[in-house]
1. State to the nearest 20 debye the size of the charge dipole of the stretch 57-98 about its Cα centre, where the only charges are +1 on K and R beta carbons and -1 on D and E beta carbons.
2. Sum up the lysine pairs in the stretch 76-202 that clear both bars: alpha-carbon distance under 20 Å and a spacing of 8 or more or different chains.
3. What number in nm² do you get for the chain if you take the convex hull of its Cα atoms and divide its surface by four?
4. How big is the charge dipole of the chain about its Cα centre, in debye rounded to the nearest 20, if each Lys and Arg gets +1 on its Cβ and each Asp and Glu gets -1 on its Cβ?
5. First compute the accessible area of the chain with a 1.4 Å probe, then give the percent of it belonging to carbon and sulfur atoms.
6. Find which of Ile199, Thr162, Cys128 sits farthest along the positive direction of the dipole of the stretch 78-208, computed with +1 on the beta-carbon of Lys and Arg, -1 on that of Asp and Glu, about the Cα centre.
7. Taking the simple approach of a point 7 Å from Cα along Cα-to-Cβ for both Asn43 and Val90, what is their distance in nm?
8. Which whole-number value in Å² is the accessible area per residue of the stretch 109-192, probe 1.4 Å?
Amino acid sequence: MKSVIVLLGPPGSGKGTQGEMLSEKLGYTRLSTGDMLREAVRNGTELGLKAKGYMDSGALVPNDLIIGLMKEKIAQAKGGVILDGFPRTVEQADALGQQVDVDLALNLDVPDEELVKRLTMRRSCPDCNAVYHLVSNPSKVEGVCDKCGGKLYQRDDDKEATVKNRLQVYRDNTMPLIDYYGGKDVLVTIQGTGSIDGIFEQVQKAVQ
Ligand code: AP5
């Protein structure tokens with residue numbers, strides 16, 4: 001079994017959805033930089049105050065704010081880890097490589113038109129970070145989280161104009177990591193379209 005798994009893929013490709021399912025299945029810790037940053041923003045911490053403007057515009061938060069945070073979280077995690085949203089730049093990937101060996105980089109490939117549809121119709125739970133989609137993966141009761149009863153909301157960066165900027169930021173900064181991990185022979189690309197369960201079957205095959 002792989003013990004450090006990096007989830008790659010554009011915004012909306014299903015990293016959170018598949019990462020959560022995989023962490024439950026393997027008993028690994030899922031570390032999502034997006035969830036951590038949103039929590040910091042909600043709590044008004046120093047990190048949250050610094051990160052908010054970048055996140056709202058769809059830009060990346062500066063490397064120096066993220067690398068130290070993730071180093072600490074990875075060091076604290078017991079057993080295997082699933083990294084969702086980190087690394088996102090070559091500088092972050094180099095820093096990660098100095099700390100641990102990445103066993104698998106799982107790249108979810110989804111076309112842009114589908115990503116825009118997914119993100120603009122996503123609803124998220126602020127309390128447990130579960131995600132839903134108004135059409136493909138709705139909550140049982142509209143507006144209410146199935147898992148914890150939290151009140152679902154639309155992320156500020158899931159508005160269409162910001163989504164388009166996030167896709168460009170992904171192409172400029174994060175896409176190069178596909179070749180980066182390909183060159184290290186740990187990359188597996190999975191078609192991230194189709195049913196959530198069907199994609200999860202392929203994800204499970206990749207981690208064996
Ligand atoms: P982050 O929260 O990491 O956002 P992201 O990478 O843009 O990814 P998303 O959470 O939007 O999508 P996802 O791939 O997890 O898809 P999901 O499973 O939710 O980051 C947010 C911001 O934080 C960044 O913009 C940046 O500012 C900052 N940040 C974070 N990490 C950083 C870093 N390392 N460095 C610098 N800055 C950083 O699915 C999407 C939707 O599709 C859901 O509605 C879901 O239900 C639905 N769905 C999932 N699978 C399917 C399917 N197969 N078919 C149909 N619908 C599906």
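The values are calculated or read from the model by the stated rules, or taken from the named source; none is laboratory data. These numbers come from a predicted model, not from an experiment. No Cβ is skipped: glycine too gets one built from the backbone with ideal geometry, and neighbour counts run over all protein chains shown. Only protein heavy atoms, including side chains, enter the accessible area calculation; ligands, DNA and RNA are left aside. Shrake-Rupley method; radii C 1.70, N 1.55, O 1.52, S 1.80 Å.
1. Taking the Cα centre of the stretch 57-98 as origin, the dipole is about 180 debye.
2. 4
3. 10.7
4. Taking the Cα centre of the chain as origin, the dipole is about 420 debye.
5. Its accessible area is 49 percent carbon and sulfur atoms.
6. Sorting the options by dipole projection puts first Cys128.
7. Result: 3.4 nm between the two label points.
8. 57
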